[in-house]
Amino acid sequence: SFIAQDTAAREPTGATPAYGLLNLRLEWNHVMNSNLDLALFADNALNKHYLAVVYSLYNEIGYSSSVAGAPAMYGIEARYRFR
């Protein structure tokens, strides 16, 4: 886990729980000796639900906020190099 601000260590909701993500990328550069690059990718491939950060003001005002991490994202990338 980790703490996003100085005072959060003393607060019950101040630590962001530990998490692990699986990101994958398969890339083929200079496809068939051309200037084209292709890639397949998967970010958060297992669609893990996690909190990216927790900001806690629980002791000060009784309020804590958090930001949800990005969901699974899959895609294809293509890049052409103009030379």
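Computed values, structure above
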quantity	calculated
Cα-centre dipole for the chain with unit charges at Cβ (Lys and Arg positive, Asp and Glu negative), debye to 20	320
Residue-averaged 222 nm ellipticity for the chain, from DSSP H runs of 4+ at -39500 (n - 2.57), nearest 500	-500 deg cm²/dmol
Å² of accessible area per residue within the chain, as computed with a 1.4 Å probe and no ligands counted	75
Exposure of SER65 as accessible area (Å², to 10), given a probe of 1.4 Å and all protein chains	40
Alpha-carbon Rg/Rh ratio, for the chain, with Rh computed the Kirkwood way	1.27
Percent RCO, i.e. relative contact order, over the chain, from Cα pairs under 8 Å lying at least 6 residues apart	30
Accessible surface of the chain, 1.4 Å probe, proportion on carbon and sulfur as whole %	59
Ranked packing of 17-28, 38-49, most packed first, by mean Cβ within 10 Å	38-49, 17-28
Rounded accessible area of VAL67 (nearest 10 Å², 1.4 Å probe)	80
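The values are calculated or read from the model by the stated rules, or taken from the named source; none is laboratory data. What you see is a predicted model, and the numbers here were worked out from it, not measured in a lab. Cβ atoms come from the backbone with ideal geometry, glycine included; neighbour counts cover every protein chain shown. The protein model used for the area step is the full one, side chains on, heavy atoms only, and it has no ligands, DNA or RNA in it. Shrake-Rupley method; radii C 1.70, N 1.55, O 1.52, S 1.80 Å.
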